[in-house]
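Report on one structure; see the data block that follows.
The values are calculated or read from the model by the stated rules, or taken from the named source; none is laboratory data. Predicted model only: the values in this text are computed from it and were never measured. Methodologically, a virtual Cβ is constructed for each residue, glycine included, from the backbone with ideal geometry; neighbour enumeration extends over all protein chains shown. Side chains are part of the model used for accessible areas, which takes the heavy atoms of the whole protein and leaves out ligands, DNA and RNA. Shrake-Rupley method; radii C 1.70, N 1.55, O 1.52, S 1.80 Å.
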Amino acid sequence: MKKAGIEDFRFHDLRHCAASYLAMSGASLAEIAEVLGHKTLAMVKRYSHLSENHKHAVVDRMNKHFIG
């Protein structure tokens, strides 16, 4: 960790990364819950975060679909 320059990291943070990457790869909330063992969709939402770039790409796809 020191050699890589990573600070303030906990192993548990990887669950957030996994949930976010699954969401941005198109996995449904139910699929993410199954993979991570979450019992509620609220917990999935707490763990999965979309990057700003991903959110912009989603809006761009919608615009292309409806506006052309």
- Task: Report the residue count in the stretch 34-43 for those that are part of a helix (DSSP H, G or I), free of Cβ contacts under 8 Å to residues at least 12 places away in the same chain and not small (G, A, S).
- Result: 2
- Query: Among the listed residues R61, R46, R10, which satisfies the condition of being more than 12 Å from the chain's Cα centre (by Cα), of a type in the set (K, R) and not in a loop (DSSP other than H, G, I, E, B)?
  - Reply: R61
- Message: Of everything in the stretch 48-68, what is open to solvent by 100 Å² or more (accessible area, probe 1.4 Å), under 29 Å from L14 (Cβ atoms) and of a type in the set (K, R)? Give them in sequence order.
- Response: R61
- Task: Go through the residues of the stretch 19-26 one by one and say whether even a single one is in a helix (DSSP H, G or I), surrounded by 10 or more Cβ atoms within 10 Å (Cβ to Cβ) and among the polar types (S, T, N, Q).
- Result: yes
